[in-house]
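One structure is given below, encoded as structure tokens.
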Amino acid sequence: MKIQKIPFILATLTMVGGIFIAILFGVNESYFKNKISQDLQKNQKISQMADDSLREKKLKAEASKNWRYYQRFHFHATAIGSMAMVILLLLQFVQAPLKLVTVTSFMISVGGFLYPFVWLFAAIYGPEMGRHEAKESFAFFAYGGGVFLIGLLLTTYQIIRYPLTIKK
């Protein structure tokens, strides 16, 4: 397999992940919401709250926010995967040196692939660990967003610096 195919495969897999979880939501959204509720019962900070009404209020608010994290994985994976694919296709027309295009392609695809997982793992582990703690534990994936951004900046540079060859 040519190394230049790998970014396209990663961008496609990013979109597949976003669509796949959307299908799972459609098939059994209650599974996700029930899992969140069950895991929130294991959250030590919440379970130690003395006031029952405050605890119930907190459980409801946390359930809603954790459900939103699953949705963020879906939104980010589908959107970033789509953006990555478009950028990868655009880079095929830029007459920049192959090494620069290849490095940029990998930054776009690897960064775009990794970033949405911060939301998925925060959704999975956030109810029991705490949302902030879960995001901190999986911050490595969030750095993918920075890698993606650098790839976007490199793409912009290449579009400005080098000619585009568009076949008619």
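The values are calculated or read from the model by the stated rules, or taken from the named source; none is laboratory data. As the structure is a computational prediction, the values presented were derived from the model and not from experiment. In this analysis, Cβ positions are derived from the backbone assuming ideal geometry, glycine residues included, and neighbour counts consider all displayed protein chains.
From the list Lys58, Lys35, Lys45, exactly one residue is among the charged types (D, E, K, R) and closer than 27 Å to Leu13 by Cβ. Which is it?
Lys35
Could you check, for the range 76-85, whether at least one of its residues is under 23 Å from the mean Cα position of the chain (by Cα), closer than 25 Å to Leu154 by Cβ, of a type outside the set (A, V, I, L, M, F, W, C) and surrounded by fewer than 16 Cβ atoms within 10 Å (Cβ to Cβ)?
To start, the set of residues in the range 76-85 that are under 23 Å from the mean Cα position of the chain (by Cα) comprises 76-85.
Those still in the list that are closer than 25 Å to Leu154 by Cβ too: 76-85.
Checking the rest, the ones that are also of a type outside the set (A, V, I, L, M, F, W, C) come to 76, 78, 81-82.
With the extra rule that they be surrounded by fewer than 16 Cβ atoms within 10 Å (Cβ to Cβ), the set shrinks to 82.
The answer is yes, given that some residue of the range 76-85 is under 23 Å from the mean Cα position of the chain (by Cα), closer than 25 Å to Leu154 by Cβ, of a type outside the set (A, V, I, L, M, F, W, C) and surrounded by fewer than 16 Cβ atoms within 10 Å (Cβ to Cβ).
Can you pull out the helices (runs of 4 or more DSSP H) entirely within the range 72-144 that have at least 1 residues that are within 25 Å of Arg161 (Cα to Cα)? I'd like the intermediate steps shown before the answer.
Details: elements: 98-114, 117-129, 131-137.
Fully inside the range 72-144 and qualifying: 98-114.
Considering the range 1-46 alone, what residues qualify as being in contact (Cβ under 8 Å) with a residue 40 or more places away in the chain, in contact with a helix residue (DSSP H, G or I) (Cβ under 7 Å, 6 or more places away or on another chain) and of a type in the set (D, E, K, R)?
Asp39, Lys42 - these are the residues of the range 1-46 that are in contact (Cβ under 8 Å) with a residue 40 or more places away in the chain, in contact with a helix residue (DSSP H, G or I) (Cβ under 7 Å, 6 or more places away or on another chain) and of a type in the set (D, E, K, R).
Of the numbered conditions (1) assigned to a helix (DSSP H, G or I); (2) free of Cβ contacts under 8 Å to residues at least 40 places away in the same chain; (3) of a type outside the set (S, T, N, Q), Met49 fails exactly one; give the number of that condition.
Only one criterion is unmet by Met49, namely (1).
Of the residues that make up the range 66-82, is at least one β-branched (Val, Ile, Thr) and either closer than 20 Å to Gly144 by Cα or at pLDDT 95 or above (or both)? Steps first, answer last, please.
First, pick out the residues of the range 66-82 that are β-branched (Val, Ile, Thr): 78, 80.
If we keep only those that are either closer than 20 Å to Gly144 by Cα or at pLDDT 95 or above (or both) too, we end up with 78, 80.
Yes, the range 66-82 has at least one match.
Looking only at the range 95-109, count how many residues are surrounded by fewer than 19 Cβ atoms within 10 Å (Cβ to Cβ) and closer than 16 Å to Phe8 by Cβ.
Here the count works out to 4.
Go through the range 145-168 and report how many residues are in a helix (DSSP H, G or I) and either out of contact with any helix residue (DSSP H, G or I) (no Cβ under 8 Å at 6 or more places or on another chain) or basic (Lys, Arg) (or both). Full working, then the answer.
As a first pass, look at the range 145-168 and keep what is in a helix (DSSP H, G or I): 145-161.
Narrowing the set further to residues that are either out of contact with any helix residue (DSSP H, G or I) (no Cβ under 8 Å at 6 or more places or on another chain) or basic (Lys, Arg) (or both) leaves 153, 156-157, 160-161.
Counting residues in the range 145-168 that are in a helix (DSSP H, G or I) and either out of contact with any helix residue (DSSP H, G or I) (no Cβ under 8 Å at 6 or more places or on another chain) or basic (Lys, Arg) (or both) gives 5.
Every residue in the range 1-11 that is assigned to a helix (DSSP H, G or I) and farther than 9 Å from Phe113 by Cα, please.
In the first step, residues of the range 1-11 are kept if they are assigned to a helix (DSSP H, G or I); the result is 5-11.
The answer is Lys5, Ile6, Pro7, Phe8, Ile9.
Of the conditions (1) without any contact (Cβ under 8 Å) to a residue 60 or more places away in the chain; (2) crowded, with 18+ Cβ neighbours inside 10 Å; (3) under 15 Å from Leu120 (Cα atoms), Arg68 fails just one. Which one is it?
Single failed check for Arg68: (2).
Got a number for residues in the range 26-58 being under 25 Å from the mean Cα position of the chain (by Cα), of a type outside the set (D, E, K, R) and at pLDDT 85 or above?
Within the range 26-58, the first condition is being under 25 Å from the mean Cα position of the chain (by Cα), and the residues that meet it are 26-40, 43.
With the extra rule that they be of a type outside the set (D, E, K, R), the set shrinks to 26-28, 30-32, 34, 36-38, 40, 43.
Remaining after also requiring at pLDDT 85 or above: 26-28, 30-32, 34, 36-38, 40.
Summing the residues that are under 25 Å from the mean Cα position of the chain (by Cα), of a type outside the set (D, E, K, R) and at pLDDT 85 or above in the range 26-58 gives 11.
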